[in-house]
Amino acid sequence: MITNSIHDLDPQLAANRRYWCGWAGARPDTDLPTYRTDIPHPLLNGVLRVRGRQLDDAIEEVKKHLTGSRWGWWVGADSDEGTAEGLLERGAEQIADMPIMAVDVTTVAEAAAPADLTIRTVVDPVGMREYVEAYAGPLGITGDLGIVVDRELGFAYPDVVRLAGTVGGRTVGTCTLSLGTDVGALYCIATDPAFRRRGVATALTREALRITSESGRRIATLQSSAEGEPVYRQIGFDTVARYRLYQLPE
């Protein structure tokens, strides 16, 4: 069933669980969806919700799976009430506060992309390496990027579209679109620092929204940084909820 409201959170949260679990081939719709890639970044290893579970039991189970990786615990509207407070009581630290933003793609006005920007879809190993290298720095992914490339190439779901923005043949911006649920979900929106403030990320985001609309979906969603929130508002996104990300002591 295609959702028609940006305030319908369930499909947006389901899309987020599915995307991140896709990195590790994990099950997204359990009461404790947990995924591990061993890429040293707290978004790429973690638990996406806890529902109907005793928190101490959930923590014990999660730690068995994730200890030794750098991981985060997502808390949103799909987690049990009191989860954030319970994690803080057990020594967790909040490391991020991420606005969940959504837009009705039928309301987004058309706009021209930068004249020197070419947008292409990435599917091949060479292109994927360039794609990962383009978003790794801006998103804070360090170390050997080979495992990141391998995870992208071996992604659990085929319904992910990776859009690379190139200038003079160089990949300078990225945007990943997941079409695995009844909303379009955007991730890995990043721009090379040398090409910022030129409309690259905006053009990639708009292209992802166009593809979302062509697929028959009406709503698109993303998780923003605080810095990105006003940029997405200019496109037409509204903030509809928030995720908080926590780290527990080992």
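Each of Ser224, Ile119, Ala185 was placed along the dipole of the chain (beta-carbon charges, centred on the mean Cα), and the one lying farthest toward the positive end is Ile119.
For the chain, the dipole from Cβ point charges (+1 on Lys and Arg, -1 on Asp and Glu) about the Cα centre works out to 560 debye, to the nearest 20. Here the mean projected area of the convex hull built on the C-alpha positions of region 54-197 is 11.6 nm². Rounded to the nearest 10 degrees, the inclination of helix 9-22 to the longest alpha-carbon principal axis of the chain is 90 degrees.
For the chain, the relative contact order is 28 percent, taking Cα pairs closer than 8 Å that sit 6 or more residues apart in sequence and dividing their mean separation by the residue count.
Once you charge only the Cβ atoms, +1 for Lys and Arg and -1 for Asp and Glu, what is the size of the charge dipole of region 28-162 about its Cα centre, to the nearest 20 debye? Please list the in-between numbers first.
Details: 12 positive and 24 negative charges, 67 e Å.
Computed about the Cα centre, the dipole is about 320 debye.
Over region 1-50, give the accessible area per residue in Å² for a 1.4 Å probe, as an integer. Before the final figure, lay out the partial values.
Details: 1800 Å² over 50 residues.
I get 36 Å² per residue for region 1-50.
Only four residue types carry charge here, +1 at the Cβ of Lys and Arg and -1 at the Cβ of Asp and Glu. Report the dipole size of region 109-250 about the Cα centre in Debye, rounded to the nearest 20. Please list the in-between numbers first.
Values: 15 positive and 17 negative charges, 79 e Å.
Dipole size: approximately 380 debye.
Put the Cα centre of region 140-157 next to the Cα centre of region 180-240 and the gap is 21 Å.
Of the solvent-accessible surface of the chain, computed with a 1.4 Å probe and all protein chains present, 48% belongs to carbon and sulfur. Under the simplified labelling scheme, the Asp150-Ser213 pair shows an inter-label distance of 4.1 nm, with each label point 7 Å from Cα along Cα→Cβ.
Contact order for region 153-212, expressed relative to its length and based on alpha carbon pairs under 8 Å spaced 6+ residues apart, stands at 29 percent.
Shown in residue order for region 70-78 are the 3J(HN,Hα) couplings computed by the Karplus curve 6.51 cos²θ - 1.76 cosθ + 1.60 at θ = phi - 60°: 9, 9, x, 10, 7, 10, x, 5, 8 Hz (x for Gly and Pro).
Each Cα pair under 8 Å and six or more residues apart adds its sequence gap; the mean of these over the residue count of region 171-250 is a relative contact order of 28 percent. Taking only the alpha carbons of region 114-250, we obtain Rg and Dmax values of 15.0, 50 Å in that order. For the peptides 57-66, 236-245, the ranking by mean Cβ contacts within 10 Å, running from highest to lowest, is 236-245, 57-66. Here the Karplus relation 6.51 cos²θ - 1.76 cosθ + 1.60, evaluated at θ = phi - 60°, turns the backbone of region 153-163 into coupling constants of 5, x, 3, 5, 10, x, 8, 10, 10, 10, 9 Hz, with x for every Gly and Pro. Shape analysis of the chain yields a ratio of the Cα radius of gyration to the Kirkwood radius, Rg/Rh, of 0.96.
In this rough spin-label picture, where each label sits 7 Å from Cα along the Cβ direction, the Asp56-Arg197 distance is 5.4 nm. Output the 0 to 90 degree angle, nearest 10, between the alpha-carbon long axis of helix 200-214 and the longest principal axis computed from the alpha carbons of the chain. Computed tilt is about 80 degrees.
In region 229-244, which residues have a backbone nitrogen under 15 Å from the label point lying 7 Å from Ala77's Cα in the Cα-to-Cβ direction? Once the point is set 7 Å along Cα→Cβ of Ala77, 238-244 turn out to lie under 15 Å by backbone N, inside region 229-244. Here the extension length gained between Glu229 and Ala112 equals 40.0 nm, from 0.36 nm per residue of separation less the Cα-Cα distance. Which of the listed residues, Gln54, Ala102, Cys21, is farthest toward the dipole's positive end in region 1-121, when Lys, Arg count +1 and Asp, Glu count -1 at the beta-carbon? Looking along the dipole axis, the top candidate is Cys21.
For region 167-250, report the accessible area per residue in Å² (1.4 Å probe, heavy atoms, rounded to an integer).
Working: 3530 Å² over 84 residues.
Here the residues of region 167-250 average 42 Å² of exposed surface.
Rg and Dmax of region 1-115, both derived from C-alpha coordinates alone, stand at 16.4, 55 Å.
The values are calculated or read from the model by the stated rules, or taken from the named source; none is laboratory data. Given the structure is predicted, the values throughout are model-derived calculations rather than measurements. Positions of Cβ are backbone-derived with ideal geometry, glycine not excepted, and every protein chain shown enters the neighbour counts. What goes into the accessible areas is simple: the full protein's heavy atoms, side chains included, and nothing from ligands, DNA or RNA. Shrake-Rupley method; radii C 1.70, N 1.55, O 1.52, S 1.80 Å.
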